[in-house]
Amino acid sequence: LNTREAVVDSGFVDLEDAEYSHLLDVVTSSDPNLKMPPPDRPAMSEQEVGVVREWIEEGLPWEPGFTFAIETYEPPLRPRLPDLPPVRDGRFNPIDRILDQYLSDNGVVRPKPIDDAAFLRRVSLDLVGLLPTEKQAKEFVSDPSSTKREELIEALLTDEIGYADHWITFFNDLLRNDYSGTGFITGGRKQISKWLYDSLLTNKPFDQLARELIAPPNGDSQGYIDGIKWRGEVSAGQTIPIQFSQSVSQSFLGINMKCASCHDSFIDRWTLKDAYGLAAIYANETLELHRCDKPTGETARAQWMFPELGQIDASAPRETRLQQLAELMTHSENGRFARTIVNRLWFQLMGRGIVHPLDAMQTEPWSEDLLDYLAADFVENGFDLKATLRQIARSEAYQSKSDVTSQQAAGNRFVYRGPKAKRLTAEQFIDAIWQLTGSAPERYDAPVIRGIVGPNDGESNQMEGVWIWGANDNGVASGQDTVVLRKQFEVDSPVVSGGAVITCDNAYDLYVNNRWVSSGDDWSQPQSIVLSHHLRGGTNTLHVIAKNGSDRPNPAGMYFEARLTLKDGSKLAIQSDSSWQFTPDAPTPTNKRLGSIQGDWLAATAVPELPVWKEAVDTIIRPAIARIEGGNEIPMVRASLLKNTALMKSLGRPMREQIVSMRPNSLTTLEAIDLANESQLAGAFAAGADRLIEHHGNDVDGLIQSIFLAALSRNATRTELEIMRAALGEEPETGSVQDAMWAVCMLPEFILIR
């Protein structure tokens with residue numbers, strides 16, 4: 001029934017005498033085996049049957065060229081560099097040249113530009129995932145420089161840690177990587193976190209990144225292709241080789257191979273043989289095709305979906321086949337590879353893909369020229385992700401007002417009218433709350449080193465700490481031994497910057513001036529800590545509750561190194577050494593307060609440094625201290641580096657048991673409830689309220705403007721000031737300030753990137 005020709009040729013209708021038409025027989029039949037629609041669906045009414053009869057009697061009138069069939073679009077394989085339209089109104093960016101022509105062709109008015117405050121907030125959240133600070137907002141808006149936007153983009157992209165902290169969320173979703181979840185407890189899944197984070201820190205070219213994922217040079221990136229080994233029996237479509245087929249095609253080609261892993265796809269041209277051909281590249285054993293979980297008797301042969309570029313040697317060893325696939329995937333003539341990733345980057349910054357959905361790259365783009373230009377430019381720039389982000393962010397298209405009002409009718413061809421407003425991700429929202437309230441945690445879960453080790457970082461001679469413990473026998477502590485280590489020191493001037501790095505074999509809890517600050521149970525992952533807001537003038541005390549978790553006597557030690565800069569310009573170094581004291585009488589802390597300690601304090605013991613401890617000091621602690629000494633602040637812990645939580649799940653962070661390239665954009669009931677009632681948010685707002693009151697005192701207007709600048713990158717309006725003044729009163733209290741912060745953070749203006 002797809003076309004008029006097909007209907008006539010089928011013999012289902014009789015154009016000479018409509019009553020003899022088989023089509024009328026089936027829609028009027030009472031036979032359940034013949035009746036259409038089937039008996040489980042509503043029958044056609046007499047009026048509807050009459051319309052069909054009249055249609056046949058009139059000779060099947062049919063709009064020329066119309067078909068009920070799904071219209072398929074076959075995207076080009078090879079790259080193409082389109083000719084750029086002429087420059088209009090001094091807009092030289094190639095993206096603007098293409099879009100200006102597009103808007104003109106479609107009769108769409110060019111969107112207006114956004115102001116500096118909106119641009120600052122948008123580009124900061126898009127490129128590093130953080131809100132601009134109050135200081136940044138004031139300085140950027142008042143800066144008269146005509147190049148300040150380009151300079152800001154460059155500053156954000158050169159912030160290696162901020163960039164990596166933010167974009168690891170995107171790649172964790174796309175590569176199905178996480179720090180906890182299904183498979184980790186049973187050993188059926190491996191992280192690629194350290195390799196991935198290092199790749200982002202160094203801006204590894206995307207083609208190299210893809211090759212190292214598809215054909216891992218070592219175990220660091222192996223977890224991606226090894227997928228998840230599910231417990232118990234699984235369907236044929238969930239085996240490790242089939243997961244490989246699905247992951248590689250979805251991550252790098254925007255092809256959803258899940259349907260084709262069960263049967264020939266109903267929605268595009270990919271077949272069961274295509275899915276198993278990719279799977280056989282990975283498999284060590286012979287694979288039998290299964291259709292809808294039933295064996296077909298046919299054996300899969302390792303093969304690539306685009307033989308025009310080359311083919312896999314099915315007889316080669318597995319490692320060779322993977323190398324061949326990696327080379328074919330990143331082949332210079334495989335335009336689909338570059339188009340897929342630039343389409344994803346466009347979506348991240350502009351709110352909607354050029355091809356949409358992102359994993360349906362068989363779909364026709366709304367602008368082939370734009371997609372092809374971005375892909376060609378990406379390749380020309382050495383597969384540099386930052387170069388494409390820079391190109392988009394510098395365009396006036398990106399710097400235009402969001403299209404927040406136009407509605408596209410369902411089924412109509414999409415017409416670009418400007419960037420789409422985007423919701424903050426779970427990680428961006430939580431980071432923003434932590435920024436506003438100063439309540440970020442002190443440690444993170446991801447096994448990564450947040451910084452690039454410089455060529456001289458490992459040669460620093462400034463490391464003065466030693467590994468210490470309480471009573472021990474040549475570095476060996478008794479099983480289940482717990483000691484409290486103490487260091488007291490004087491601070492003669494306010495601390496303006498600096499931090500510390502600490503680790504302990506096996507576990508520790510650090511208290512500064514009797515308040516809990518940090519803990520750790522993996523000595524190979526030393527924790528960096530911001531100390532400035534935990535210290536005070538005069539005497540300060542560090543307490544470390546150190547635990548040897550082994551049941552048997554074994555080596556145990558704690559290492560601490562801190563560098564602080566004081567307001568008077570002086571430096572203060574603190575390290576674990578023989579000046580520390582210990583007691584075996586550990587207290588039971590309550591409400592994150594250490595409490596009083598009974599017993600005598602004895603001199604701590606320096607213990608021999610194990611080779612594995614020295615490696616942790618040299619590869620993590622030494623570079624971290626070198627950066628602190630260089631004046632670099634320890635960056636705030638980011639939600640992207642934490643294990644998933646109930647709050648993040650309700651805000652849309654996926655479990656990452658499947659690849660996710662687009663998170664849901666609609667507000668759920670669960671999310672609305674959590675935003676209103678979640679205890680972590682309430683605690684964060686309370687802590688932030690206390691800080692604001694301490695800083696501003698009774699300067700109510702200053703406090704209000706501080707909230708608005710930090711949250712929205714703008715000052716409060718006159719009306720907003722009046723509302724807030726009435727709510728806060730002349731002497732703001734914690735509860736009222738907490739409510740004021742919550743109210744601002746629930747505004748669409750805060751939750752959306754516009």
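When D25, D40, D31, D17 are checked against the criterion of being acidic (D, E) and under 50 Å from the mean Cα position of the chain (by Cα), D40 stands alone in meeting it. Selection of the stretch 583-594 for residues being closer than 17 Å to A546 by Cβ and either not assigned by TED's automatic domain parsing to the domain that holds D509 or not β-branched (V, I, T) (or both) yields P584, D585, A586, P587, P589, L594. For S245, the criteria (1) at pLDDT 90 or above; (2) farther than 21 Å from P357 by Cβ hold in every case but one, which is (2). Scanning the stretch 74-95 for residues that are loosely packed, with under 11 Cβ neighbours inside 10 Å and touching a residue at least 60 places away in the same chain (Cβ under 8 Å) returns a single hit, E74.
Out of Q222, Q243, Q208, which single residue is out of contact with any helix residue (DSSP H, G or I) (no Cβ under 7 Å at 6 or more places or on another chain) and crowded, with 22+ Cβ neighbours inside 10 Å? Let's see the steps before the verdict.
Values: Q222 fails: crowded, with 22+ Cβ neighbours inside 10 Å; Q208 fails: crowded, with 22+ Cβ neighbours inside 10 Å.
Within the list Q222, Q243, Q208, the selection yields Q243.
From the list R394, R318, R336, the lone residue that is under 22 Å from K420 (Cα atoms) and of a type in the set (K, R) is R394.
Among the candidates G335, G382, which residue alone is over 26 Å from C259 (Cβ atoms) and either out of contact with any strand residue (DSSP E or B) (no Cβ under 7 Å at 6 or more places or on another chain) or surrounded by 18 or more Cβ atoms within 10 Å (Cβ to Cβ) (or both)? Just one listed residue meets the conditions, G382. Taking the residues in the stretch 647-661 that are assigned to a loop (DSSP other than H, G, I, E, B) and not charged (D, E, K, R) as candidates, determine which candidate is surrounded by the most Cβ atoms within 10 Å (Cβ to Cβ). Only one residue tops the list, namely L651.
From V448, V453, V496, grab the single residue that is of a type outside the set (S, T, Y), modelled with pLDDT under 90 and closer than 30 Å to N665 by Cβ.
V448
Selection of the stretch 103-115 for residues being of a type outside the set (K, R) and either in contact with a strand residue (DSSP E or B) (Cβ under 9 Å, 6 or more places away or on another chain) or surrounded by fewer than 18 Cβ atoms within 10 Å (Cβ to Cβ) (or both) yields S104, D105, N106, G107, V108, V109, P111, P113, I114, D115.
Among the residues of the stretch 1-15, just one is of a type in the set (V, I, T), modelled with pLDDT of 85 or more and not in a helix (DSSP H, G or I), namely V13. Within the stretch 165-182, none of the residues are under 22 Å from K386 (Cβ atoms), crowded, with 17+ Cβ neighbours inside 10 Å and in contact with a Pro (Cβ under 6 Å, 6 or more places away or on another chain). Scoring C504 on the criteria (1) at pLDDT 90 or above; (2) out of contact with any strand residue (DSSP E or B) (no Cβ under 9 Å at 6 or more places or on another chain) leaves a single failure, condition (2). Residue count for the stretch 310-323 under the criterion of being part of a helix (DSSP H, G or I) and either among the charged types (D, E, K, R) or touching a residue at least 24 places away in the same chain (Cβ under 8 Å) (or both): the result is 5.
Pairing residues of the stretch 281-298 that are more than 21 Å from R321 (Cα to Cα) and β-branched (V, I, T) with residues that are part of a helix (DSSP H, G or I) and at pLDDT 95 or above, at Cβ distances under 6 Å and at least 6 apart in sequence or on separate chains, gives no pairs at all.
Checked against (1) surrounded by 17 or more Cβ atoms within 10 Å (Cβ to Cβ); (2) over 17 Å from A604 (Cβ atoms), A556 meets all criteria but (2). Among the candidates K194, K190, the residue that is within 19 Å of E319 (Cβ to Cβ), of a type in the set (K, R) and either at pLDDT 95 or above or in contact with an Asp or Glu (Cβ under 9 Å, 6 or more places away or on another chain) (or both) is uniquely K190. Whenever a residue of the stretch 638-651 is more than 11 Å from Q680 (Cβ to Cβ), its partners that are in a loop (DSSP other than H, G, I, E, B) and of a type in the set (D, E), lying with C-beta atoms within less than 9 angstrom and at least six residues away or across chains, give the pairs L641/D445; L642/D445; K643/D178; K643/D445; N644/D178; S650/E678.
For the stretch 397-416, which residues satisfy the criterion of being in a strand (DSSP E or B) and at pLDDT below 95? It would help to see each step written out before you state the result.
So the first thing to find is which residues in the stretch 397-416 are in a strand (DSSP E or B), and the list is 400.
Result: no residue meets the conditions.
Quick check: is even one residue across the stretch 364-376 polar (S, T, N, Q), modelled with pLDDT under 95 and either over 30 Å from T271 (Cβ atoms) or in a loop (DSSP other than H, G, I, E, B) (or both)? Checked against the condition, which is being polar (S, T, N, Q), modelled with pLDDT under 95 and either over 30 Å from T271 (Cβ atoms) or in a loop (DSSP other than H, G, I, E, B) (or both), the stretch 364-376 yields no hits at all.
Given L127, L152, which one is crowded, with 19+ Cβ neighbours inside 10 Å, of a type outside the set (F, W, Y), free of Cβ contacts under 8 Å to residues at least 60 places away in the same chain and out of contact with any Lys or Arg (no Cβ under 6 Å at 6 or more places or on another chain)? Before you say what the answer is, go through the steps one by one.
Values: L127 fails: free of Cβ contacts under 8 Å to residues at least 60 places away in the same chain.
On inspection, the qualifying residue turns out to be L152.
Counting only helices (runs of 4 or more DSSP H) that sit wholly inside the stretch 692-754, those with at least 1 residues that are hydroxyl-bearing (S, T, Y) and closer than 21 Å to L131 by Cβ are 700-712.
Of all residues in the stretch 699-732, those satisfying the criterion of being of a type in the set (D, E) and free of Cβ contacts under 8 Å to residues at least 24 places away in the same chain are D699, E720, E722. Pairs linking a residue in the stretch 595-621 that is assigned by TED's automatic domain parsing to the domain that holds V512 and surrounded by 14 or more Cβ atoms within 10 Å (Cβ to Cβ) to a residue that is of a type in the set (A, V, I, L, M) and at pLDDT below 85, with Cβ atoms under 6 Å and 6 or more positions apart or on different chains, are I620/I449.
Highlighted here are the helices (runs of 4 or more DSSP H) found entirely within the stretch 19-105 that include at least 1 residues which are within 30 Å of A393 (Cα to Cα) and of a type outside the set (V, I, T): 94-105.
Take L84 and tell me if it is at pLDDT 85 or above and over 30 Å from A338 (Cβ atoms). Outline the logic, then answer.
Numbers: at pLDDT 85 or above: yes; over 30 Å from A338 (Cβ atoms): no.
Answer is no for this residue.
The values are calculated or read from the model by the stated rules, or taken from the named source; none is laboratory data. None of the values given here were measured: they were computed from a predicted structure. No Cβ is skipped: glycine too gets one built from the backbone with ideal geometry, and neighbour counts run over all protein chains shown.
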